[in-house]
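Some notes on the structure that comes next.
The values are calculated or read from the model by the stated rules, or taken from the named source; none is laboratory data. In this text the structure is predicted, and so the values were computed from the model without any measurement. Every residue, glycine as well, gets a Cβ built from its backbone with ideal geometry; the counts of neighbours run over all protein chains shown.
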Amino acid sequence: MDTEKFRKIQKKLCKKLDDRRYQHTLGVMYTCAALAMAHGQDMQKAQLAGLLHDCAKCIPNQKKLKLCKKHKIPVTALEKKSPYLLHAKLGAYFARKKYGVEDKEILSAIRCHTTGKREMSALEQIVYIADYIEPMRNIALHLDEIRRLAFQDLDQCTYRILADTLEYLEQSPKEIDPATRQAYEYYKERNEHKHG
């Protein structure tokens with residue numbers, strides 16, 4: 001993607017997000033670029049996925065549900081109860097329809113950045129991790145260790161984030177998306193296999 005097109009997307013997105021969310025988005029975008037460099041991945045794809053990962057975040061929850069219905073985006077029972085989770089699915093839809101992104105891997109990275117999933121590609125892991133560790137984030141457990149791991153081993157880092165996320169969610173009244181549990185089981189096994 002040429003620089004001009006990227007700038008146009010950035011300008012358009014800036015009007016759709018509140019200031020705090022836009023600053024977070026820029027943090028994720030730059031973190032994605034740094035992780036892509038560290039792991040030999042396509043930096044432009046990572047930046048674009050990072051830039052658009054939350055493009056549907058500032059839509060009110062009830063409107064998210066209406067938009068999913070209108071555009072025939074499947075909604076699970078859990079998402080009906082917790083519509084804030086829909087910003088990832090809706091974001092992938094908007095990235096394609098409103099921002100002209102056709103790359104399937106970028107769209108998939110946006111779609112799974114909240115819950116994670118089994119067998120994520122390197123790009124999907126980069127967006128998932130960057131969303132968790134970008135510089136403005138400061139309350140997650142073991143953040144220093146996770147930030148260090150992010151530049152060393154994507155699988156191990158993904159596993160640590162999923163483990164901490166599940167631990168946090170199990171102590172809160174929020175229901176856990178099955179995709180997060182499945183991702184955790186998958187990366188736990190992968191991590192044990194790799195590191196004994």
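Brief remarks on what is shown
- Filtered residues of segment 50-79 (kept if surrounded by fewer than 13 Cβ atoms within 10 Å (Cβ to Cβ), of a type in the set (D, E, K, R) and either in contact (Cβ under 8 Å) with a residue 60 or more places away in the chain or not in a helix (DSSP H, G or I) (or both)): 72
- Residues that are without any contact (Cβ under 8 Å) to a residue 24 or more places away in the chain and in contact with a helix residue (DSSP H, G or I) (Cβ under 7 Å, 6 or more places away or on another chain) within segment 146-164 comprise 146, 147, 149, 160, listed in sequence order.
- Set 47, 41: member being surrounded by 16 or more Cβ atoms within 10 Å (Cβ to Cβ), assigned to a loop (DSSP other than H, G, I, E, B), in contact (Cβ under 8 Å) with a residue 24 or more places away in the chain and of a type outside the set (A, V, I, L, M): 41
- Filtered by the rule that a residue be assigned to a helix (DSSP H, G or I) and of a type in the set (Phe, Trp, Tyr), segment 80-99 gives 84, 93, 94.
- Some residue of segment 146-161 being surrounded by 14 or more Cβ atoms within 10 Å (Cβ to Cβ) and modelled with pLDDT under 95: no
- Any chance residue 99 is surrounded by 17 or more Cβ atoms within 10 Å (Cβ to Cβ) and either out of contact with any Asp or Glu (no Cβ under 7 Å at 6 or more places or on another chain) or free of Cβ contacts under 8 Å to residues at least 40 places away in the same chain (or both): yes
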